[in-house]
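Quick notes on the structure that follows.
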Amino acid sequence: MPLYIMFSTLTDEGRKTVTENPERIEEVNREIENMGAYVIAQYACLGKHDFINLIEAPDNEAIMWVSMELGSRGTVQITTLPAIPIHQFIEKVGHAGEPGAPEPGSGPARSAQD
């Protein structure tokens, strides 16, 4: 199943909820499972984000719904990124230039502001 990195930053309401009921974090993890995704690893952080989560989900649409559902509650700001295991990345890069592989640099044009 595809992997995703989810950065979570609590809102004021979210900090209040976690302070009053820290077990709520594990309850949310079970809710994520009920949405068809699975939290593989989760870390509390210091800095810009409060939590970093490694999540497995069937596809981009599934993780989109997880992110939308959690974010709509008003207790957390979510940023989700697809994660490519390094062995898959190396394999894909190693096949660059072969028939059927995209040409290097053939992705969408980017401006200097990107």
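The values are calculated or read from the model by the stated rules, or taken from the named source; none is laboratory data. Being a predicted model, the structure only gives us computed values, none of them experimental. In this analysis, Cβ positions are derived from the backbone assuming ideal geometry, glycine residues included, and neighbour counts consider all displayed protein chains.
Please go through segment 37-74 and pick out each residue that is over 14 Å from the mean Cα position of the chain (by Cα) and either under 23 Å from PRO85 (Cβ atoms) or of a type in the set (D, E, K, R) (or both). Before the answer, list the steps.
Kept after step one, since they are over 14 Å from the mean Cα position of the chain (by Cα), are these residues of segment 37-74: 44-48, 72-74.
Of everything in segment 37-74, those that are over 14 Å from the mean Cα position of the chain (by Cα) and either under 23 Å from PRO85 (Cβ atoms) or of a type in the set (D, E, K, R) (or both) turn out to be CYS45, LYS48, ARG73.
Note on segment 47-74: residues that are polar (S, T, N, Q) and assigned to a helix (DSSP H, G or I) total 2. Of all residues in segment 75-89, those being in a strand (DSSP E or B) and aromatic (Phe, Trp, Tyr) number 0. Annotation: of all residues in segment 75-85 being modelled with pLDDT of 95 or more and more than 13 Å from the chain's Cα centre (by Cα), the one that is farthest from SER8 (Cα to Cα) is THR75. Return the residues of segment 1-18 that are of a type in the set (Val, Ile, Thr) and either at pLDDT below 95 or part of a helix (DSSP H, G or I) (or both); say none if nothing qualifies. Passing the criteria: THR17, VAL18. Residues in segment 2-24 that are crowded, with 17+ Cβ neighbours inside 10 Å and free of Cβ contacts under 8 Å to residues at least 40 places away in the same chain: VAL18 only.
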